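The values are calculated or read from the model by the stated rules, or taken from the named source; none is laboratory data. The shown structure was predicted, so the numbers you read here are calculated from the model rather than taken from an experiment. Note that we place each Cβ from the backbone using ideal geometry, even for glycine, and neighbour counts take in every protein chain shown. Heavy atoms of the whole protein, side chains included, go into the accessibility calculation; ligands, DNA and RNA do not. Shrake-Rupley method; radii C 1.70, N 1.55, O 1.52, S 1.80 Å.
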Amino acid sequence: MSRIGRMPIAIPAGVTVDIAENNKVTVKGPKGTLERVLPSEMEIKMEGEQITVSRPNDLKKMKSLHGLTRTLINNMVIGVTQGYEKKLEVNGVGYRAAKAGKKLTLSLGYSHPVEMEDPEGIETVVEGQNVIIVKGISKEKVGQFAAEIRDKRRPEPYKGKGIKYADEVIRRKVGKTGKK
């Protein structure tokens, strides 16, 4: 059995979970509403204050979908109660980030400033000039937008310049040495 798939999901107070046909799960909470269509083979049951996911048989595909389905529902529950956030750091001389309304402006050493619009349901906050925090209720969207910001200038291995995640470790390389 899938160890993750077997674990029940506790529903905190203030959260309502609605399971419609074709496994369309809607989770409402204090921070907002998330909905997602999950694999129809999985059986999602609500028992009091808990949700359990069970699989029809032990085929390889069903085993892999079992844990995934449970994790996706759990992420939705966490998202509407606590929300998700990712921290990015901008490192480099003259590299900075600024926020005006819903527009994030990045100066990354290009000849032009890079402008990015906050997608729906995602909020970016700039702390100081070099820390960007991406917040939202959907783990997937937060991670995706954070990755898109990072892709504008990835950290390079020689000086460590670029946009990196706060918890990311950059493998540094030794530069060229002169001829003797």
- Query: In segment 1-10, is there at least one residue being open to solvent by 50 Å² or more (accessible area, probe 1.4 Å), over 26 Å from Gly136 (Cα atoms) and of a type in the set (S, T, N, Q)?
  - Reply: no
Of the residues in segment 76-87, those that are over 13 Å from Arg150 (Cβ atoms), of a type outside the set (A, V, I, L, M, F, W, C) and either modelled with pLDDT under 90 or surrounded by 18 or more Cβ atoms within 10 Å (Cβ to Cβ) (or both) number 3
Look at Arg55 and say whether it is within 20 Å of Phe145 (Cα to Cα), surrounded by 15 or more Cβ atoms within 10 Å (Cβ to Cβ) and more than 14 Å from the chain's Cα centre (by Cα). no
Output yes when any residue across segment 82-94 is within 19 Å of Val25 (Cα to Cα) and under 12 Å from the mean Cα position of the chain (by Cα), and no when none is.
yes
Taking segment 105-132 and keeping residues over 18 Å from the mean Cα position of the chain (by Cα) and in a strand (DSSP E or B) leaves Thr105, Leu106, Ser107, Val114, Glu115, Glu127
Practice prompt. Could you tell me whether segment 155-177 includes any residue that is under 30 Å from Val27 (Cα atoms), part of a strand (DSSP E or B) and open to solvent by less than 30 Å² (accessible area, probe 1.4 Å)?
Written response: no
Checked Glu49, Glu43 against criteria (under 12 Å from Val17 (Cα atoms) and either aromatic (Phe, Trp, Tyr) or touching a strand residue (DSSP E or B) at 6+ places or on another chain (Cβ under 9 Å) (or both)); the one match is Glu49
Picking from Met7, Met62, Met46, the residue that is aliphatic (A, V, I, L, M) and in contact with a Pro (Cβ under 8 Å, 6 or more places away or on another chain) would be Met62
Selection from segment 6-48 of residues part of a helix (DSSP H, G or I) and within 28 Å of Gly121 (Cα to Cα) yields Glu21, Asn22, Asn23
Per the filter on segment 24-49, residues without any contact (Cβ under 8 Å) to a residue 40 or more places away in the chain and either in contact with a His (Cβ under 9 Å, 6 or more places away or on another chain) or open to solvent by less than 40 Å² (accessible area, probe 1.4 Å) (or both) are Thr26, Leu38, Pro39, Met42, Ile44
- Message: For segment 66-82, check the following and say yes or no: at least one residue is among the basic types (Lys, Arg), over 30 Å from Gly160 (Cβ atoms) and outside any loop (DSSP other than H, G, I, E, B).
- Response: yes
Listed by first then second residue, the pairs whose first member lies in segment 139-158 and is hydroxyl-bearing (Ser, Thr, Tyr), whose partner is surrounded by fewer than 20 Cβ atoms within 10 Å (Cβ to Cβ), with beta carbons under 8 Å and at least 6 positions apart or on separate chains, are Tyr158/Arg172; Tyr158/Lys173; Tyr158/Gly175
Of the listed residues (Val90, Val134), the one being closer than 30 Å to Ala10 by Cα, open to solvent by less than 20 Å² (accessible area, probe 1.4 Å) and either out of contact with any strand residue (DSSP E or B) (no Cβ under 9 Å at 6 or more places or on another chain) or of a type in the set (A, V, I, L, M, F, W, C) (or both) is Val134
